[in-house]
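All remarks here apply to the structure that follows.
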């Protein structure tokens, strides 16, 4: 089993664990943590997809001649996507935490069953 396969399996496991945690908890903070774990798993899967064994970093300098760069370096697009996803994920997590704080200040609880007006 290669490192890319292990990273892919770990990423999918993190996605499943994060979505399960986000969907089964009634506490908003635990839901936020679940979504963050799922986002981390997604980033890991994207990096595993872009991994190619035996290739080097996408830096064109004296170590990699330009004529063999296509076969000697990895594709930098998945790395750029994951870097962008990390920054966006940080912003979304901060926004979710700010909403959770505002809900706690206004309603006094973070339990979803106590926040709904309609009770079953």
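Looking only at the range 1-39, which residues are in contact with a strand residue (DSSP E or B) (Cβ under 9 Å, 6 or more places away or on another chain) and either part of a strand (DSSP E or B) or buried (at least 17 other Cβ atoms within 10 Å of the Cβ) (or both)? Step through it out loud before you land on a result.
Initially, the range 1-39 is screened for residues in contact with a strand residue (DSSP E or B) (Cβ under 9 Å, 6 or more places away or on another chain), giving 26-28.
Result: 27, 28.
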*Could you say whether any residue in the range 79-96 is assigned to a helix (DSSP H, G or I), farther than 30 Å from residue 59 by Cα and touching a residue at least 60 places away in the same chain (Cβ under 8 Å)?*
yes
_Tally, over the range 73-109, of residues that are more than 22 Å from residue 46 (Cβ to Cβ) and over 24 Å from the mean Cα position of the chain (by Cα)_ = 8
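Read the figures in this text as sums done on the coordinates, not as results from a lab. The structure displayed is predicted, hence computed values, not measured ones. Note: ideal-geometry Cβ built from the backbone for every residue, glycine included; neighbour counts use all protein chains shown.
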